[in-house]
Amino acid sequence: MQSSFGLYTLFIACFALAFSAVGIAVPVESSSSLTKRDLTGKATWFNVGLGSCGLTNVDSDYIVALSPAQGSHCNQQIRITDETTGVSATATVRDTCPGCGADDLDLSPSLFSHFESLDKGTFQVNWSFI
């Protein structure tokens, strides 16, 4: 009788350990991985100056303006990729673009020129916060 009680206790302990291991193994998406999702939008360009982040930039800086729908991301860097060519660049958020769609970007002239001619006016991009 004593040995069956010992086996029963061992079985319960193993059962409890197995359930606690399952709880630990459940993946949880962190907030940092949520902000690194790829977004797709239209890229346009603008002449920079004093932006909504309170800093003055020049057209040669790799600067972007985000839609107000994105919230405030001043000085955060993003990675931008031209959907057609695969060309990429890193830029800094320094302004907002009230006329942009939720996932659209407004690029400084030099940043836009890194991808396409200013004459083109717009192109599709994938981008994410880094």
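The values are calculated or read from the model by the stated rules, or taken from the named source; none is laboratory data. Being a predicted model, the structure only gives us computed values, none of them experimental. Cβ coordinates were reconstructed from backbone atoms using ideal geometry, including for glycine residues, and neighbour counts include every protein chain displayed.
Of the residues making up region 67-92, those that are of a type in the set (A, V, I, L, M, F, W, C) and under 12 Å from the mean Cα position of the chain (by Cα) number 2. When region 92-106 is limited to residues that are among the aliphatic types (A, V, I, L, M) and crowded, with 20+ Cβ neighbours inside 10 Å, the one that is farthest from C53 (Cα to Cα) turns out to be L105. Of all residues in region 61-83, those that are among the hydroxyl-bearing types (S, T, Y) and at pLDDT below 95 total 1.
A single entry from A69, A65 fulfils the requirement of being among the hydrophobic types (A, V, I, L, M, F, W, C), over 14 Å from S128 (Cβ atoms) and assigned to a strand (DSSP E or B): A65.
Residue pairs whose Cβ atoms lie under 7 Å apart, sitting 6 or more positions apart in sequence or on different chains, and linking a residue in region 79-92 that is assigned to a strand (DSSP E or B) to a partner that is of a type in the set (K, R) and surrounded by 11 or more Cβ atoms within 10 Å (Cβ to Cβ), are S88/R79; T90/R79.
Restricting region 107-130 to residues that are outside any loop (DSSP other than H, G, I, E, B) and within 16 Å of the chain's Cα centre (by Cα) leaves a set whose member that is surrounded by the most Cβ atoms within 10 Å (Cβ to Cβ) is V125. The set of residues in region 17-58 that are among the β-branched types (V, I, T), closer than 21 Å to G71 by Cα and either surrounded by fewer than 10 Cβ atoms within 10 Å (Cβ to Cβ) or at pLDDT 95 or above (or both) comprises T40, T44, V48, T56. Just to verify a result, which residue in region 38-59, among those that are in a loop (DSSP other than H, G, I, E, B), without any contact (Cβ under 8 Å) to a residue 60 or more places away in the chain and not polar (S, T, N, Q), is nearest to L111 (Cα to Cα)? By that ranking, first place goes to D59.
Residues in region 59-90 that are exposed (fewer than 15 other Cβ atoms within 10 Å of the Cβ), under 19 Å from S117 (Cβ atoms) and among the hydrophobic types (A, V, I, L, M, F, W, C): V87 alone.
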